[in-house]
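Here the structure is laid out as structure tokens; the discussion comes afterwards.
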Amino acid sequence: MFRCSDRSARILIVMSEISKCLTLLQLSKKKHILIIAYSAFGDIVQQLVRVRRLKECYPDSEITWLACAPYRDFLKSQPFIDQVFVWDRSLGILGFLKLLYRIRKKHFDVIIDLKGTDRSLLMVLFSRAALRIGWHSRIQWGHTFFVKDPWKALKIEITEEKKPFVFIPQVINDKVTKQYELNVRPFVTFLIGASKPEKCWPITNWIALLNMFSERKIYVDILIMGHGTLERNIVQEICAKTENPRVKNLVGELSFIEMAAVMARSMLVVGGDTGPSHLAEMLGVPLIGLFGPTDPKEAGYNDIAILRANCKNIGCQNWSCPLPCMETISPLNVFEAISSLLRKENISGKGDLNVR
């Protein structure tokens with residue numbers, strides 16, 4: 001009698017699940033699909049092009065995206081998303097339970113879980129969807145198709161497409177152009193924040209960089225953008241101490257889709273590993289990324305210019321590391337990288353800039 005090894009049995013099971021996955025998608029005339037990607041902003045931005053491709057492959061499907069409240073308007077502006085389910089985390093456990101009830105009531109056919117967390121697993125289980133694609137680090141039975149890369153399983157392939165991958169409504173374009181006079185002078189954008197202080201470039205370095213623009217007579221406006229209390233405090237100190245009169249503080253003034261509209265008109269963007277940097281890349285704007293405790297490839301960047309910290313533990317993700325990190329990226333090196341891009345000497349050259 002033929003007996004499969006454990007490995008062979010697992011392979012057969014996976015192949016069976018793939019077949020079931022694709023069959024359900026192909027046979028259903030109108031598929032109600034829920035995308036679970038509630039945070040963070042950079043992760044959401046990176047998934048946009050894949051969800052758009054999903055809609056192109058299954059144009060009759062109805063796609064709902066479940067996201068935290070701050071990202072609602074940004075996602076609603078994307079024409080390939082039919083509906084946004086908002087998770088308002090300020091409402092606590094009661095708000096979460098109401099969200100689970102809403103998921104159950106919708107009767108989704110397909111769940112694509114891009115988070116792999118305990119909470120996303122609860123969303124998956126409460127959905128009672130026939131096809132639940134995703135993964136969890138400890139529990140495998142919650143998904144009918146257990147896989148870390150749902151897009152590969154669904155054969156959603158991203159070919160070479162021309163950016164931008166983010167749609168910006170014309171009304172938003174017109175609003176920010178008029179409000180901030182974006183047509184008057186050329187400008188560059190600086191992103192001063194990040195999700196962790198260890199990923200931020202020091203305030204003193206930003207100030208030194210801004211002053212270099214004045215000292216060397218680089219006459220472009222510099223728009224500083226970001227969100228949150230930490231970034232507001234940082235930008236206040238930067239603006240108070242810089243000698244550059246062309247600096248404009250936009251921190252906290254823009255929604256995410258307005259930020260996209262401004263960056264889309266920027267000559268280039270400079271920033272650390274943060275969600276708006278991912279947005280700049282998806283918009284196709286030249287981006288100079290400043291990296292220390294995180295690795296750009298692991299963080300999902302593919303088409304940017306890179307300046308790395310001079311640290312032996314580069315990319316360690318050790319948030320309590322005592323070694324000098326982001327401060328080792330000198331303002332002069334960043335200025336030279338910006339100058340190179342502005343002269344279009346390196347505008348198409350991506351990867352490490354190797355200036356230290």
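Worth a mention:
- Counted as qualifying within segment 141-241 are the helices (runs of 4 or more DSSP H) with 3 or more residues that are farther than 21 Å from L279 by Cβ, namely 150-153, 203-215, 228-241.
- Qualifying residues in segment 56-77 (those that are modelled with pLDDT of 95 or more and among the charged types (D, E, K, R)) - the one surrounded by the fewest Cβ atoms within 10 Å (Cβ to Cβ): D73
- Qualifying residue in segment 224-236 (condition: within 30 Å of I314 (Cβ to Cβ) and of a type in the set (G, A, S)): yes
- If you go through segment 159-176 and keep only what is acidic (D, E) and free of Cβ contacts under 8 Å to residues at least 60 places away in the same chain, you end up with E160, D174.
- Only a single criterion out of (1) in a helix (DSSP H, G or I); (2) under 22 Å from P324 (Cα atoms); (3) among the polar types (S, T, N, Q) is not satisfied by T294, namely (1).
- Test: residue in segment 223-233 that is in the same structural domain as I329 (by TED's automatic domain parsing), touching a residue at least 24 places away in the same chain (Cβ under 8 Å) and hydroxyl-bearing (S, T, Y): no
- Contact map, segment 130-158: residues that are without any contact (Cβ under 8 Å) to a residue 24 or more places away in the chain paired with residues that are surrounded by fewer than 14 Cβ atoms within 10 Å (Cβ to Cβ) and part of a loop (DSSP other than H, G, I, E, B), Cβ distance under 8 Å, separation 6+ or inter-chain. Pairs shown: W135/K148.
- From the list G275, G292, the one residue that fits, being buried (at least 21 other Cβ atoms within 10 Å of the Cβ), in contact (Cβ under 8 Å) with a residue 40 or more places away in the chain, in contact with a Cys (Cβ under 6 Å, 6 or more places away or on another chain) and not acidic (D, E), is G292.
- Every residue from segment 237-261 that is touching a strand residue (DSSP E or B) at 6+ places or on another chain (Cβ under 8 Å) and either more than 29 Å from C325 (Cβ to Cβ) or surrounded by fewer than 21 Cβ atoms within 10 Å (Cβ to Cβ) (or both): C239, N244, R246, V247, K248, N249, L250
- You will find that of T177, T229, the residue that is at pLDDT below 95, over 20 Å from A337 (Cα atoms) and not small (G, A, S) is T229 and no other.
- Of all residues in segment 277-291, those that are part of a strand (DSSP E or B) and hydrophobic (A, V, I, L, M, F, W, C) total 4.
- Screening the candidates G315, G289, G349, G271 for the property of being modelled with pLDDT under 95 and in contact with a strand residue (DSSP E or B) (Cβ under 8 Å, 6 or more places away or on another chain) yields one hit, G349.
- For segment 83-122, the tally of residues that are touching a His at 6+ places or on another chain (Cβ under 9 Å) and without any contact (Cβ under 8 Å) to a residue 40 or more places away in the chain stands at 4.
- Within this structure, L48 passes the test of being buried (at least 17 other Cβ atoms within 10 Å of the Cβ), in the same structural domain as F74 (by TED's automatic domain parsing) and either at pLDDT 60 or above or not in a helix (DSSP H, G or I) (or both).
The values are calculated or read from the model by the stated rules, or taken from the named source; none is laboratory data. The structure presented is a predicted model; accordingly, all values stated were derived computationally and were not measured. When we count neighbours, we look across all protein chains shown, and the Cβ atoms used for this are built from the backbone with ideal geometry, even at glycine.
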